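Derivation of every value follows stated rules applied to the coordinates shown; laboratory data play no part. Since the model is a prediction, treat every value here as computed from it, not as a measurement. Every residue, glycine as well, gets a Cβ built from its backbone with ideal geometry; the counts of neighbours run over all protein chains shown.
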Amino acid sequence: MGGSVNAHLRRTFYLFAAGFAGLVMVLVYWQVYSREALANNPENGFQTQRSVSSPRGLILAGDGETVLAKSVKRPTPTGPVYDRVYPLGEPFANVVGYWSTRYGATGIEIGNNSDLSAIVGEPETLDDLINRATGGPQPGNNVILTLDPELQELAYQELSSSSTGRGAVVALNPKTGEILAMATAPSFDPNQVNENYPELANAPNAPLVDRAAQSLYPPGSIFKVITAAAALEAGVSPQQRFFDSGAYVLPGYTVENFEGKDYGEVTFTRALAYSINVVFAKIAVEIVGAEALTQMALNFGFGDPYDDFPLPVSGSSVNSLPPEQWTTGTLAQTAFGQGEAQTNAFEMAVVAGAVANDGKIMEPRIVREVRSPDGIILNKPTPSVRRQALPPATADTLNVMMQEVVIQGGFTEAQIPGMKVAGKTGTAESGNGPPHSWWITFAPADDPEIAMCVMIENGGRADRSAMPLAASLMKAYLEDGI
């Protein structure tokens, strides 16, 4: 009898111990592993209530002075609350995002919430610790971005007044990876999200979508920069000659040039300058091959989701099939950026920056530093190499070829007196109206300060749409010093 009682007690004890251990594991999970995720979720009612009772940190532009987001105290019958205010509105909305107790959060507001919100992180300074101990409002830390505020505003204005009013600009410093501008149009007023969200979410022109990094488009001929890199690595020289008859006939697919032109015998450099589809298709099919072309795109960042970037970036892709399953027609189309190839201005600015920077892709950065409310630097990432996309010698050769695109292509509007400028056009068939207009560029090409990609959705010919817009931004940045 006593033995059965003891066995029952032991079972009860083990069940209790197992239950207690399980409870401890759950608490550890939420307190340690998922603490920040839970606190960062604006749908967490407790955190939401606390977030409006304490001021969030400032979000500042790259000059450290221009305020992009701040918290403003508002009295209520139950005590003061803090409303989020965005002084510069639409031009910065895709980057800064919004913080709404009703509709959640986007952009840097959520990407760097653990910095901006005092309720998420641990106290960083003595003042912060004293403030928490005395129960006063706990301001979050300030986040300083890398954006050049004047360039960002000008980019947004230019996009808004473009032929379709839809597009994106991404500009970066090739040597450091710092994002100088990341603009999208149309945009929205983050100050009005609570009032206008349903209308914005259902608007046909999709103002809530960040076309700079979240949308994907066929790249068209700007992809020829990647094909050219693969060709140079395969042994093609800039002066090697190719014959263009105006068509390249393959089983089930025929390649033709833009506007049906034929150029006869041309050098590889001239084929890039004149953006000759036939020559690039021949090089891809007969010299480079599908595997090497795909690998070069991956080297440049295609397929990379940029998970360590604080804003969402849609990964670019070359094709849904593995290279060994491509037909020659698939390879030919991919060589000039059609078929299934998909990318965005963020990725192609990275590509331009890599060519400009001796083949090195620097880690893209949009946060320069995090400071405490009393100005102490808490985090300041240093520039770092993300990947060597191609050897320095190959990058230098491609750099010179892209300079010749501007010169031999006759793009006088893109030229800057006394300065070497590199570039490449892209006029990509969209499948839903006029082609998308692309231009990638960097300058000074021999000592680059800025690399840029401009995309105008359904903007038509690149030399009449994206290129002039980019030229005005490049000149404003390099000549006028905005």
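In this rough spin-label picture, where each label sits 7 Å from Cα along the Cβ direction, the Y253-I416 distance is 3.7 nm.
The lysines whose alpha-carbon is closer than 24 Å to the alpha-carbon of K224, local same-chain residues fewer than 8 away aside, are K175, K261, K282, K360, K420, K424. The order of K224, K424, K261, K380, going from fewest to most other C-beta atoms within 10 Å of their C-beta, is K380, K261, K224, K424.
Mind running the shape call on segment 235-279? Use the C-alpha gyration tensor, a ≥ b ≥ c as the square roots of the eigenvalues: rounded below 1.5 for a/c, prolate if a/b tops b/c, oblate otherwise. In terms of gyration-tensor shape, prolate.
Taking θ as phi - 60° and the Karplus parameters 6.51, -1.76 and 1.60, the scalar couplings of segment 57-66 work out to x, 6, 10, 10, 6, x, 7, x, 10, 6 Hz in sequence order, x denoting glycine and proline. Take the Cα of D480, step 7 Å toward its Cβ, do the same at S237, and the gap between the two points is 4.5 nm.
Close amide H contacts of T254 (hydrogens built in the peptide plane, cut-off under 5 Å, sequence separation of 5 or more or a different chain): none are found.
Between Q408 and E291, the C-beta separation translates, for a Förster distance of 22 Å, into a calculated FRET efficiency of about 0.10. Sequence-distant contacts, meaning Cα pairs under 8 Å at least 6 residues apart, place the relative contact order of the chain at 16 percent. Rounded to the nearest whole Hz, the Karplus-based 3J(HN,Hα) values (6.51 cos²θ - 1.76 cosθ + 1.60, θ = phi - 60°) of segment 72-87 follow the sequence 10, 6, 10, x, 9, x, 9, x, x, 10, 10, 8, 8, 10, 10, x, with x at glycine and proline. Of all beta bridges that DSSP places with both ends in the chain, some 95 percent have antiparallel geometry. Rounded to whole numbers, the Karplus 3J(HN,Hα) couplings from phi for segment 371-377 are 10, 6, x, 9, x, 7, 6 Hz, using 6.51 cos²θ - 1.76 cosθ + 1.60 with θ = phi - 60°, and x at Gly and Pro. Helices meeting the span-like rule in the chain (full DSSP H runs, Cα extent of at least 24 Å along the helix axis, mean Kyte-Doolittle score of 0.0 or higher): 2-28. Dipole magnitude for the chain: about 1220 debye, using +1 per Lys or Arg Cβ and -1 per Asp or Glu Cβ, origin at the Cα centre.
Projected onto the charge dipole of the chain (+1 at Lys/Arg Cβ, -1 at Asp/Glu Cβ, origin at the Cα centre), which of F223, M348, A105 gives the Cα projection farthest towards the positive end? Of the listed residues, the answer is A105. Here the residues T397, T227, ranked from fewest to most Cβ neighbours within 10 Å of their Cβ, fall in the order T397, T227.
Per-residue ellipticity at 222 nm for the chain, helices alone: DSSP H runs ≥ 4 residues times -39500 (n - 2.57), over residue total, nearest 500 deg cm²/dmol?
Rounded to the nearest 500, the figure is -10500 deg cm²/dmol.
Per-residue extension of 0.36 nm, minus the Cα-Cα distance of E340 and L321, leaves a gain of 5.9 nm for this segment. If the segment from D374 to V209 were pulled out straight at 0.36 nm per residue, it would be longer than the present Cα-Cα gap by 55.9 nm.
With neighbours defined as other Cβ atoms within 10 Å of a residue's Cβ, the residues I226, I110, I416 order from fewest to most as I416, I110, I226.
Along the Cα-to-C-beta direction of D83, a point sits 7 Å from the Cα; which residues of segment 190-220 have their amide N less than 16 Å from that point? Taking a point 7 Å out along Cα→Cβ of D83, the residues of segment 190-220 whose backbone N falls under 16 Å are 190-197. Between the listed residues P149, W326, N191, the Cα displaced farthest toward the positive end of the dipole of the chain, a dipole computed from Cβ unit charges relative to the Cα centre, is found at N191.
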